[in-house]
Every structure is written in C-alpha cells, then in structure tokens.
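Quick notes on the structure that follows.
None of the figures in this text is laboratory data; all of them are computed from the coordinates on show. None of these values were measured; they are calculated from a predicted model. All Cβ positions, glycine included, derive from the backbone under ideal geometry; neighbour counts span all protein chains shown.
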Amino acid sequence: MRPEQDDFSVPIPNDPAQTASHHQTPTRYALTGEPSTEVLADEANHDPARRLRVGAPEELLAYVQSTLGFRPTNSLVMVAFAQRQLSTVVRCDLPEALHKMLQSDTLESVTFFDFGITETQERQLMELGKYLGQLMAREPSTTGCLLVYLATEVSVSDPHALAVTGTVNAMLTAQFGLQGIPIEESWLIHHDQLWHLRCAVTTDCEIQGEILGAPESTELFQELDPQGQTRWRPQGPAQKMIFPPASSAGSKNTAPTQELLEQRPKVVLNWLQRWDDHLSHGPQMLHTDQVAELLSAIEHPRLRDAVLAVACFDLKTSIRGMLALEQFPNQLALVSGQQSNLQDGLAIRGCLLGESERIPDWQRIAALERLCHQLLPLADHLSGGGVAGMLVWIEWVRGRGSLALDYLRQARKHFPTEQVLISLENVLRHGRVAAWATRTESAWSPRHAA
C-alpha cells in the first residue's frame, strides 16, 4: 500500500486512538524551505514556490538523512511536526535493551520471550523516554512526533521483533505524552522493510514488511541534497581528524596569557585579525608565518574563546564582548579602538555554550571548521588540543552530538589532558544539547556548510 500521489498536505491526526484503531494511509506532511540539523524554519520565512511535500516513507527518510548529514543506522530517530510542517530531527543510539532483544542468540531476547521486559529495562526506558520527550518539547512549535526505530541486526522472527519493539515503543510513547508531545506514528525498519508499530492488525496489515526503496532515489532528496553529500556518508564523523605527529611535542616557552594581553596587545590584535581575515574570505593558502600566528592564539584559552566569538559573530563583537567580560584588559581597547559592550559580552558568553539569543553566523563557523582541519596536522602539543576542541564544539552546537562524540574520542587519545576536551566530554556524556539546535530561528542547516 502506498500513499496517493496527490498534490496536497493532510493535517496530522490529533487523536492518537484513531491511528491505533485501524490502519490508515501514511499521512502526508508538508516540508517548507531548507532543512536544518534540528529544525525547519517557519513557512512564512520562505518562498511558497519552494514548498516541498513528503508522502512516501522513503521521502521522510530522505529528509532525515539530508538533515542529519548521514544515513542513520542502529538508531532511534525522532521527527517532530509543527502542525503540517516537518520540524526537529533528533537521533540517538537504539536503546541497548531493544538492540539485544532483537537478536535471537542473546539472553535479553530469551528473557523477553519468557517473561517480558524486566524491571531494570523498564526503568531505563522510562528515563530515556522522559529525557527525549523533554528534549523534543523544548521547541514550542512542536505539535507531534514520529518515532523511527532503525535496526540493523535483527535475527528474531518478524512477530517477535514487532512485539519487542512495540513494547519499548509503548513505554517511550507514554513518557513523550507526559511531556505534552503526542506520538503520531511509530515505525520499525529493518532489512529495508517497514513495519508500523501502532497498527491494530499487526502482521496482517498490507504495509507491514513492505520493501522500501532508496531514499536517495526520491525527488525530495535531490532537492535537499542536490550534490549528494550524504549519499555515501555512513553514520560517523563527517571527516576524519588528521593529527600532528607525536614527535611534534616538545618544550616551548609560552608567555602567560595576562602578560601577553597587557604587554603585547598589538600582537594579540594581529592574531585575531588574522583569524577574522580567513573566516571572512574563505579557504586560503596558508603560509608558515600565518600558521604560526593562527595557532599561537589557540594556545591561550581566553584567546581561543575570542576566536570562537569571531567565528560566531565578527571581530568587533569579539573584542567588545571580551572587554565586557573582563577577559581582555584595557590595553586591547586602546590598540583596537573598541569599547566594552555588555550586550556583546552576553552574546559571547552564550555562544560559547551554544545558547546565545543572538543567532550565530553559520557560514563563518563552516569556514572555521575548514580552517581547523587545515591547521590540526600542523599544530603542536600546546595548540592541537584546542584546535581539536573547536571541531568538537562545532559539531555539538550544530546539534550533531553523535559526530561530536566521535571527534571527541579521537581527540582524547592524542590530547588526554586538554581541558577543553575534558569539559566537552562532560557535556556530551550527560546528553546536553546546544540550545541553538533546539530553536527554529537559530538552528544550523547542512546547506550552511555548502
């Protein structure tokens, strides 16, 4: 059974019981404008001529893939709706209990077959559902949600897989409901087959077990990812980090940060201007002296924060904000001709946490990403950890926590004592999501990196 190929969108059903009582043709959802890693902008902010519509499951998967930047596997994907608009996309690993219960040779699978969900599993799933529900509820425009369970290792029978996933889904759905987020539909996808978890007729449903086509073959995918950047990109880091050789570590005298700022403010200003120049004009050929200046700034945590502010906003905002936060002395104000500004200070403090009200310049952050990948192999033991930390930070504020965590694992092996990496690890391990990624107006889009 396929959705009709009509040219209109159908509102999301408001009564979950309707979809549970009998099987319905999958609802069509309208997609407006450009996708972002977390959300789509409001319909009013985009050209109506670019209005795109989602009807087939492959089209929704195409939206998920182009939005996340990779094709998710072994994942639980949540797609939020804002009325008839596709909105937030969040991915996490498939719950471990579910992953094991879908494999016939595991103790968890046998236990479920005999006794059902254990108390420990139930408690863990309820905690997960509560956290994810709260996360999805952060965007006030969210009116409902679709859950997609993408399982890559399923060796139990189809009825057993439906029973297991359906039980897990019921627990998560209940927790989402307590957060005010109704689950409109829930899908299980394995071996390129689609199963609806909320269909009363279960395995007798005509759609159950339907073979899915490739998301990349849809017209929607061509619209959202015309260059096919995510076509062959598996779940994992968008780019492997290339670290400096271990032999680059050695003794090096670095002036204390405060002494540098007070006694050599012109040098500091030149470093920041160098960063601003590269971020403003895109990729450039790096000369040896430029590399030294760019990396010298990263050796100092306060200057590294200033560089992030330059990337998020501009050089003037960075200097004025750092003066307001008392991170720069008056000597910087004199040589730069800038004065302290409290609003810029608040913007910088928020940008470092990915939560400022002022919207960041994602094009400049994309330029920062490219420049950091250029600089990392040329860095030393003093600057390499900071450069790697900025790459982790970029993926985190984009809302791509899985990629940020993968980068973090790579970087920690090479820079185990780097404080910025330790701080980012604490953030990622606790599942904290950057506020930018949860707001429509500030969320990143893959096209920002084009």
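Annotations
- Within segment 420-437: backbone nitrogen closer than 18 Å to the Q124 label point (7 Å, Cα to C-beta): 429-431
- Whole-Hz couplings from phi, Karplus 6.51/-1.76/1.60, listed for segment 340-357; x for Gly and Pro: 4, 9, 5, 4, 5, x, 5, 5, 5, 4, x, 5, 5, 9, x, 9, 5, 5
- Pairwise Cα distances in segment 391-450 exceed 20 Å for 26 percent of all pairs.
- Taking T152, T120 and counting other C-beta atoms within 10 Å, the order from fewest to most: T120, T152
- Two-site label geometry, H373 and D289: point separation in nm, points 7 Å out along Cα→Cβ: 2.9 nm
- Taking 0.36 nm per residue of sequence separation and removing the Cα-Cα distance, the H281/T254 pair yields an extension gain of 6.8 nm.
- Linear extension gain, R409 paired with T111, 0.36 nm per residue minus alpha-carbon span: 103.9 nm
- Placing unit charges on each Cβ (+1 for Lys and Arg, -1 for Asp and Glu) gives segment 246-449 a dipole about its Cα centre, and among L428, T254, P265 the Cα reaching farthest toward its positive end belongs to L428.
- Inter-site label distance for E357 and E96 at 7 Å from Cα along Cβ, in nm: 4.2 nm
- Normalising the average separation of contacting C-alpha pairs (under 8 angstrom, six or more residues apart) by the number of residues puts the relative contact order of segment 246-449 at 19 percent.
- The peptide list 64-77, 286-299, put in order of mean Cβ contacts within 10 Å with the highest first, becomes 64-77, 286-299.
- Simple label model, 7 Å out from Cα along Cβ direction - S157 to S141, nm: 4.6 nm
- Sites N330 and E441 - FRET efficiency at Förster radius 35 Å, r taken between beta-carbons, to 0.05: 0.50
- Restricting the calculation to Cα atoms, segment 246-449 shows an Rg/Rh of 0.94 when the hydrodynamic-style radius is the Kirkwood one.
- Relative packing of peptides 166-176, 127-137, 328-338 - highest average C-beta neighbours within 10 Å first: 166-176, 127-137, 328-338
- Here K240 is the anchor, and the lysines within straight C-alpha reach of less than 20 Å, apart from those fewer than 8 places off in the same chain, are K413.
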